[in-house]
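Enquirer: Next up is a structure, given as structure tokens.
The values are calculated or read from the model by the stated rules, or taken from the named source; none is laboratory data. Just so it is clear, the structure is predicted and the values come from calculations on it, not from any experiment. Positions of Cβ are generated from backbone atoms using ideal geometry, with glycine treated the same way; all protein chains shown enter the neighbour counts. Heads up: the accessible areas ignore ligands, DNA and RNA and are worked out on the full protein's heavy atoms, side chains in. Shrake-Rupley method; radii C 1.70, N 1.55, O 1.52, S 1.80 Å.
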Amino acid sequence: ATVSVLYWSFNNMVRVGVYGGSFDPPTKAHMLCVENILNNDDIDEVIIVPSGVRPDKRNMSPYNMRLEMTLSCVEEYLAGKKVSVSTVEKDGALKTFDLLTRMTAERGSDEIIFVIGSDWLLSGKSISETWYRGSELVSRFEFLVLYRPDTIPRHSDLSVYGPKFTWLDTDPKYHSPLSSTFVRRQVLLNNPSVEEYVGHLVSKFITTHKLYLNGEGTAKEMAGL
């Protein structure tokens with residue numbers, strides 16, 4: 001199921017960028033990333049997918065809270081854009097192959113493109129070797145790679161990862177070092193407001209629900225300071 005901020009009707013096949021993440025919390029940097037994806041000539045629409053509970057991130061905030069924050073952030077920064085927020089992982093995280101297969105079935109003839117950061121390609125092993133149903137995944141779906149500093153060289157040859165990997169052209173105005181981890185740390189350090197990082201609606205939500213103060217990931221966050 002998809003929760004849409006706005007609804008659009010398309011008569012022709014569209015190319016849909018799928019942008020997943022924990023969004024714990026969603027930040028202005030995430031919204032800039034979505035804008036960047038939308039400004040790519042090959043992408044007509046973006047679906048944001050807050051991840052379900054993942055075994056490697058057991059300290060995540062509850063799904064419904066992350067979903068509500070993501071919807072609020074989209075409302076504040078991307079209103080009127082061809083963006084929607086999917087609840088496909090509300091019952092738990094899906095393997096990437098299963099996620100994209102389900103979205104392909106939901107969207108009919110539309111093309112699904114998975115957006116990843118270049119940090120996902122750092123392991124030295126290809127996705128086809130290490131990911132669930134990796135060979136099928138990279139042969140069937142397109143990957144749009146967003147450059148992140150201190151990862152693989154910008155504009156390096158992506159064909160070594162699969163036949164359908166391409167770089168996302170990025171404008172410097174969309175670059176931001178801001179991360180969810182940084183925002184959580186600011187809350188732990190008693191920063192009176194994180195509005196400048198997440199916007200008014202998400203900042204208010206964090207304060208109202210007292211997120212990131214005593215629970216999820218507190219010990220780990222403090223250890224990283």
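Enquirer: Tally time: how many residues in region 120-139 are closer than 26 Å to VAL34 by Cβ and exposed (fewer than 15 other Cβ atoms within 10 Å of the Cβ)?
Expert: Number of matching residues: 3.
Enquirer: Separate question: Check whether at least one residue in region 81-100 is aliphatic (A, V, I, L, M), in a strand (DSSP E or B), in contact with a helix residue (DSSP H, G or I) (Cβ under 9 Å, 6 or more places away or on another chain) and at pLDDT 95 or above, and report yes or no.
Expert: Checked region 81-100: at least one residue is aliphatic (A, V, I, L, M), in a strand (DSSP E or B), in contact with a helix residue (DSSP H, G or I) (Cβ under 9 Å, 6 or more places away or on another chain) and at pLDDT 95 or above.
Enquirer: Only residues in region 138-157 that are within 8 Å of SER118 (Cβ to Cβ) count as the first member; pair them with residues that are at pLDDT below 95 and among the acidic types (Asp, Glu), Cβ under 9 angstrom, at least 6 apart or cross-chain, and list the lot.
Expert: ARG148/ASP119; THR151/ASP119; ILE152/ASP119
Enquirer: Hey, can you tell me all the residues within region 183-205 that are crowded, with 20+ Cβ neighbours inside 10 Å and either at positive phi or part of a helix (DSSP H, G or I) (or both)?
Expert: The initial filter retains those residues of region 183-205 that are crowded, with 20+ Cβ neighbours inside 10 Å, namely 183-184, 187, 194, 197-199, 202-203.
If the condition is that a residue be crowded, with 20+ Cβ neighbours inside 10 Å and either at positive phi or part of a helix (DSSP H, G or I) (or both), then VAL183, ARG184, VAL187, TYR197, VAL198, GLY199, VAL202, SER203 are the ones that fit.
Enquirer: So PRO163 clears everything in (1) modelled with pLDDT of 90 or more; (2) assigned to a loop (DSSP other than H, G, I, E, B); (3) open to solvent by less than 80 Å² (accessible area, probe 1.4 Å) except one condition, right? Which one?
Expert: (3)
Enquirer: Got a number for residues in region 128-159 being under 18 Å from the mean Cα position of the chain (by Cα) and assigned to a helix (DSSP H, G or I)?
Expert: 0
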